[in-house]
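Here's the structure we're looking at; comments come further down.
The values are calculated or read from the model by the stated rules, or taken from the named source; none is laboratory data. Keep in mind that this is a model prediction, so the values were computed, not measured. Cβ sites come from the backbone with ideal geometry, for glycine too, and all protein chains shown count toward neighbours. These accessible areas exclude ligands, DNA and RNA; they are computed on the full protein's heavy atoms, side chains included. Shrake-Rupley method; radii C 1.70, N 1.55, O 1.52, S 1.80 Å.
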Amino acid sequence: MADRSAIFIDAGYLLAAGGRLCCGTTNRADFECDYATLTADLARWAQEHSGGMTSLRTYWYDGAKHGVPTPQHEKIGGLPYVKVRLGRIHSGQQKGVDALIYRDLMTLARERAISRAYLVSGDEDLREGVIAAPDMGVQVILIGVPTNQRANQSAALVREADEHVVLPREHWSSYFSSAEPEGDSTGTLEATPEAARAAGRAFAVAWLSKATKAELANLLAEQPRIPGPVDLALVVEAERALGSLRDQQPLKHELRAGFWAAIDESQSPSAG
């Protein structure tokens, strides 16, 4: 058995509990989280708590519409020793996240890749995994976020864990901060047609830098329609700069026009 640990973070639990504790809201749009510092500090804390045990990596589990990663997911997945696993969002609820956590925990335990698991979650559906892991020689440490309301972690999950640690508010408060109000000039551009078109062009340039020849061919075959996953990512990224585009069809039209303008320019004989 490897003398290593791994951290399993249920983002739905952590962000809801952390947002409520530090910012008074569970709405992700109303607060910001310093994911890089949070994950790095949690890995250091786990190493100290385990007496110096090396951390294999941190697994970050979240839901995503149609399973398509958002720019935020891409950013988190790019952090050192952090792996993002995505379930789906259906009717506002995460689906498949617990199954992903269970699968990874069982795989690492079965392959004897870790001897200790740090689990940040509160969902009773993970109880079976917490029961099974110790049978394979893996200790399970359940980490919680404090609450002034009713318990935010399943009593059964707490009971089955080898240890339950609720890190104090002081541990979490430096990672969470209230988001700037929508439309604030310090964080959001004025949502003009010109700004929307510029956002579309910028997204297209970034997309082209990573797209394969097959992906580009598929995109061009659909013109003027933008494939669903690409269009979703385009709108999400634009909203980070322009604010919500919900019910803003003229701005979305300009956004997509800017996207196609940049794509068309990249295909012109003089390009490159």
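Residue 58 meets the conditions (1) in a helix (DSSP H, G or I); (2) surrounded by 15 or more Cβ atoms within 10 Å (Cβ to Cβ); (3) at pLDDT 95 or above in every case but one. The failed one is (1).
How many of the residues making up the range 142-169 are part of a helix (DSSP H, G or I), open to solvent by less than 50 Å² (accessible area, probe 1.4 Å) and among the small types (Gly, Ala, Ser)? Qualifying residue count, the range 142-169: 1.
Can you work out which of the residues in the range 231-272 that are of a type in the set (A, V, I, L, M) and in a loop (DSSP other than H, G, I, E, B) is surrounded by the most Cβ atoms within 10 Å (Cβ to Cβ)? Looking at the filtered set, the residue picked out is 245. Looking across the range 173-208, the residues that are modelled with pLDDT under 70, in contact with a Gly (Cβ under 7 Å, 6 or more places away or on another chain) and either surrounded by 14 or more Cβ atoms within 10 Å (Cβ to Cβ) or within 14 Å of residue 252 (Cα to Cα) (or both) come down to 182, 188. The set of residues from the range 87-121 being among the small types (Gly, Ala, Ser) and either modelled with pLDDT of 95 or more or not in a loop (DSSP other than H, G, I, E, B) (or both) comprises 87, 99, 109, 113, 115, 117, 121. Do the conditions hold for residue 139, that is, is it among the polar types (S, T, N, Q), open to solvent by 60 Å² or more (accessible area, probe 1.4 Å) and at pLDDT 95 or above? So residue 139 fits the description; yes. Scanning the range 208-237 for residues that are touching a residue at least 12 places away in the same chain (Cβ under 8 Å), under 24 Å from residue 64 (Cα atoms) and of a type in the set (A, V, I, L, M) yields 208, 219, 226, 230, 232, 233, 234, 235, 236. Restricting attention to the range 15-40, report how many residues are modelled with pLDDT of 95 or more, charged (D, E, K, R) and in contact with a helix residue (DSSP H, G or I) (Cβ under 8 Å, 6 or more places away or on another chain). Going through the range 15-40 one residue at a time, the tally reaches 0. Being within 21 Å of the chain's Cα centre (by Cα) and loosely packed, with under 15 Cβ neighbours inside 10 Å is a property that holds for residue 228. Comparison of 68, 84 shows that the only residue that is aliphatic (A, V, I, L, M), in contact with an Asp or Glu (Cβ under 8 Å, 6 or more places away or on another chain) and touching a residue at least 24 places away in the same chain (Cβ under 8 Å) is 84. Here the condition is being more than 30 Å from residue 21 (Cα to Cα), open to solvent by less than 30 Å² (accessible area, probe 1.4 Å) and among the hydroxyl-bearing types (Ser, Thr, Tyr); of 115, 121, it holds for 115 alone. Among the residues examined, residue 137 qualifies as farther than 14 Å from residue 7 by Cβ and over 24 Å from the mean Cα position of the chain (by Cα). Of the residues in the range 61-76, not one is of a type in the set (Ser, Thr, Tyr) and open to solvent by 50 Å² or more (accessible area, probe 1.4 Å).
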